[in-house]
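Structure first, commentary second.
The values are calculated or read from the model by the stated rules, or taken from the named source; none is laboratory data. Note that this is a predicted model, so its numbers are computed, not measured. Cβ atoms come from the backbone with ideal geometry, glycine included; neighbour counts cover every protein chain shown. In case anyone asks, the SASA skips ligands and DNA or RNA and just uses the protein heavy atoms, side chains included. Shrake-Rupley method; radii C 1.70, N 1.55, O 1.52, S 1.80 Å.
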Amino acid sequence: MNKILQKQVLAPTLKQIIVEAPLIAKKAKAGQFVILRIHEKGERIPLTIADYDRDNGTITMIFQEVGSSTKRLGLLEIGDEILDLVGPLGQPTEHPAGAKRIVCVGGGVGVAPVYPEAKELHESGVEIISIVGARNEELLFYLDNMKAVSKELHVTTDDGSKGRKGFVTDVLKELIESDKGIDAVIAIGPMPMMKAVSDLTKNYGLKTIVSLNSLMVDGTGMCGGCRVTIGNETKFACIDGPAFDAHEVDFIEQMRRLRMYQIEEKVEDCRCGEGME
Amino acid sequence: MAGTKKNPMPCQPGEERVKNFLEVALGYDEDVAINEAKRCIQCKNPKCVSGCPVGIEIPKFIEKIAEGDFQGAIDTLKEKNSLPAICGRVCPQEEQCEKVCIVGIKNEPVGIGRLERFAADWERKNRKEQSKISNTEGKKVAIVGSGPAGLTCAGELAKMGYQVTIFEAFHQAGGVLMYGIPEFRLPKEIVQEEINALLNLGVELKTNVVIGQTITIKELMEEEGYEAVFVGSGAGLPYFLNIPGENLNGVYSANEFLTRVNLMRAYLHPQWDTPVKVGKKVAVVGAGNVAMDAARTAKRLGAEDVYIVYRRSEDEMPARIEEIHHAKEEGIDFRLLTNPMEVLGNSEGWVTGLKCLKMELGEPDSSGRRRPVPIENSEFELDVDVVIIAIGQGPNPLIPRSTPELQTSKWGNITADESTGNTSMEGVFAGGDVVTGAATVIKAMGAGKNAAVAMDQYIKNK
């Protein structure tokens, strides 16, 4: 159960695993996620389903090693089994009806969840223009995957080590203003990036969808930890999302909520490298 | 001689137990149990039995204890109740069997719950290794959710010879018994032992499967060959107050707070990975059992001041008297007739206080309880850094959403016949909190039991 069949290091702290999970692969749709647990005392970690293969019964996940839990996940090798794996969770992303041309923006590790969106839309005949951004060249991945499903692929890096120097929003602004007939934007990445994209597209009244990586425990609506203010209403990212209309999201609140366990995570980091039991 | 009062329950002293998560109530020993059992007058027409949602033959099991036949006592209990160690601890006996106890008219009622717990604990200590039964012959039935309703329904159906599979969304079975009720009130080891006993009956358990997401109910029946399905998915959707500031850092639903601590053992962080914010001063909003559990948990985690904030008075508090009593002994500060208005926070988004309004009681409302009415200009600020909302839960929406055939109430509860669990979808039965709204462990068990009988009939008549 949940055996790791393939593992790839995409960047020093960025890894991709392909895991045997036939039940999840059978159901997964773009926008959905899984929750996994690596060991008996482990946290429940939510990860986006970056890709799925219904025929082979596998799902693909990409993760950045940030805290002790994801670092430990990164130590698992091909043949190892993930203790618990549950999904698919969340609602599949509802794509804007009738849109003919959609810009897909992926920032950092956010390219992982944006890829299945682009792929699904591409397969349904929508024209995709992609913008992929990262801090530097080393952190870029999935460029070939994105290229395969996009009419145009734009790359930006903060330091200019690959593609254009700057932010994804610089390219997005130009695309919008060059009047290419863009119907909608899907943007997934770090919260500040999604906020910047949202602020930009709001000016043009351009429909924008973002996906929120909120803190959560169960992922089935039970803990309410993933609360997000959408318009004036509180929603749960796990069962009402994780994709929402960007212009309705209270990003400031979300950014604060992601800092909830900063102190505790530091404590965890201190014991990293203690060895696995 | 049997006394006019119940034999007191030995407990860990209040000042000791706030420093640990060990069980508070320690249980009767054999002599005390026999003494308490002798207080039962063995009524010819026992009222207690009708007060029990699963109809345990209470006088009979108590008589066995009085005779020192503890095996006989547990056998009698298990005829009607497959989870006696749990029920003996968390049932609201004072509102059920003990409320109608004849001894209770003049004196204190017989400690039925305590005796049930005694018999169950005696068996746990003396239980022989059971060989596992494997049911591969019987027809397949599916149980959604492994809380009290699902576990009971599964046990009954397994005993009838069905091939039973329980689906659980979490990584561990037990539902609210594992994530909700704290270790100090219901040790997790006991829950797991009861679940193991079920597995020994040949019940199959599939954790990490979310019915409604991983597989739908329709698929279970049409593709996986389950003849009938019981939905016992509980009331897991936390309610919030919908007041400003509720999404600040440091505001928890009781579900989240308790799940982090109970199921994910955040109290052992960082040895266990899941963290929890404890807070120095904690306000728990609500006054049910869940609120008491959250408050007492916060105290054990090291909070200095823990408040119960409740807009009505002590008389209306829905928690069990014993739990309120324990909470008071542990130093929980009750702020009654106090209504939270707003969670206050700093510029970084962290809780800094709870703005409240003082209340007084007015005329009775639709619930029959006197309505709390705000006292003008009585706003004040409670200095807290963590707020836990424990004002109830609604049914989890995943199954209704993915099963349009299932009729639901406007609150999202699955509509089901109370005595059979029959729903609007053929072959699908439901019971427990998902039908009734948040209730008690034993009521959920009663529903699971009734549904098992109805499912058996349904399959036989198919």
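Summary table below
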read-out: Most fluctuating residue given options A:60, A:48, A:220, as computed from a GNM of chain A linking Cα atoms under 10 Å; value: A:220
read-out: Residues listed by number, the range B:77-108, amide nitrogen under 18 Å from residue B:67 label point at 7 Å toward C-beta; value: B:77-80
read-out: Chain lengthening between residue A:258 and residue A:203 when straightened (0.36 nm per residue, less Cα-Cα); value: 17.1 nm
read-out: For chain A, built as a Gaussian network whose Cα springs stay under 10 Å, the top-fluctuating residue of A:17, A:239, A:186; value: A:239
read-out: In Å², nearest 10: area of residue B:419 left accessible to a 1.4 Å probe; value: 80 Å²
read-out: When each of A:41/B:277; A:207/B:410; B:78/B:140; B:99/B:125 is checked by Cα-Cα distance, pairs over 21 Å; value: A:207/B:410; B:78/B:140; B:99/B:125
read-out: Simple spin-label estimate for residue A:26 and residue A:100 in nanometres, 7 Å along Cα-Cβ; value: 3.9 nm
read-out: Contact order normalised by residue count of chain A, Cα under 8 Å, 6+ apart, percent; value: 16 percent
read-out: Area of residue A:154 that stays accessible when all protein chains are in place (1.4 Å probe, Å², to 10); value: 50 Å²
read-out: Neighbourhood charge, 11 Å Cβ-Cβ cut-off, centred on residue A:35 and excluding it, Lys, Arg +1 and Asp, Glu -1; value: -1
read-out: Selection from A:61, A:10, A:78, by position along the positive dipole direction of the range A:3-89 (Cβ); value: A:61
read-out: Cα shape, the range B:1-158, gyration tensor, a/c 1.5 rule; value: prolate
read-out: Gyration tensor (alpha-carbon) shape descriptor, the range B:230-324, a/c threshold 1.5; value: rounded
read-out: Mean separation of Cα contacts under 8 Å (6+ apart) over length of chain B, as relative contact order %; value: 16 percent
read-out: Sparse-neighbourhood loop sites, GluC sites (Glu not before Pro) in the range B:274-355 - DSSP loop, at most 13 other Cβ within 10 angstrom; value: B:304, B:348
read-out: Largest to smallest principal axis extent of the C-alpha atoms in the range A:101-258, angstrom; value: 41, 33, 29
read-out: For the range A:63-132, projected area of the alpha-carbon convex hull averaged over all directions, nm²; value: 6.4 nm²
read-out: Residue-averaged 222 nm ellipticity for chain B, from DSSP H runs of 4+ at -39500 (n - 2.57), nearest 500; value: -9000 deg cm²/dmol
read-out: Antiparallel DSSP beta bridges within the protein assembly as shown, percent to nearest 5; value: 50 percent
read-out: Antiparallel %, DSSP beta bridges [both residues in the range A:101-258], to 5; value: 25 percent
read-out: Overall Cα dimensions of chain A - principal axes, largest extent first, Å; value: 57, 39, 38
read-out: For the protein assembly as shown, the Rg and Dmax computed from alpha carbons only, in angstrom; value: 27.5, 95
read-out: log10 of Debye I(q)/I(0), alpha-carbon scatterers only, for chain B at 0.07, 0.08, 0.09 Å⁻¹; value: -0.37, -0.49, -0.63
read-out: Extended-chain gain in nm, criterion 0.36 nm per residue less alpha-carbon gap, residue B:383 and residue B:224; value: 51.8 nm
read-out: For chain A, share of DSSP beta bridges that run antiparallel, in % to the nearest 5; value: 60 percent
read-out: DSSP H segments from chain B that extend 24 Å or more along their own axis, Cα-based, with Kyte-Doolittle mean of -1.0 or above; value: B:441-461
read-out: Listed residues A:66, B:284 arranged by accessible area, highest first, probe 1.4 Å; value: A:66, B:284
read-out: The range B:238-389 shape via C-alpha gyration tensor axes, a/c threshold 1.5; value: oblate
read-out: Degrees between helix A:168-177 axis and first principal axis of chain A (Cα, 0 to 90, nearest 10); value: 30 degrees
read-out: Heavy atoms of residue A:259 accessible to a 1.4 Å probe, total area in Å² rounded to 10; value: 90 Å²
read-out: Pairwise label distance in nanometres, residue B:243 with residue A:53, each label 7 Å out on the Cα-Cβ vector; value: 5.4 nm
read-out: Ranking by accessible area, most exposed first, for B:370, B:296, B:124 with a 1.4 Å probe; value: B:370, B:124, B:296
read-out: By accessible area with a 1.4 Å probe, ligands and nucleic acids excluded, highest first: order of B:219, A:40; value: A:40, B:219
read-out: Cβ-derived FRET efficiency at R0 41 Å, residue B:128 paired with residue B:418, nearest 0.05; value: 0.65
read-out: Label point distance in nm, residue B:106-residue B:19, each placed 7 Å from Cα along Cα→Cβ; value: 4.6 nm
read-out: Relative contact order for the range B:338-462, counting Cα pairs under 8 Å that sit 6 or more residues apart, in percent; value: 15 percent
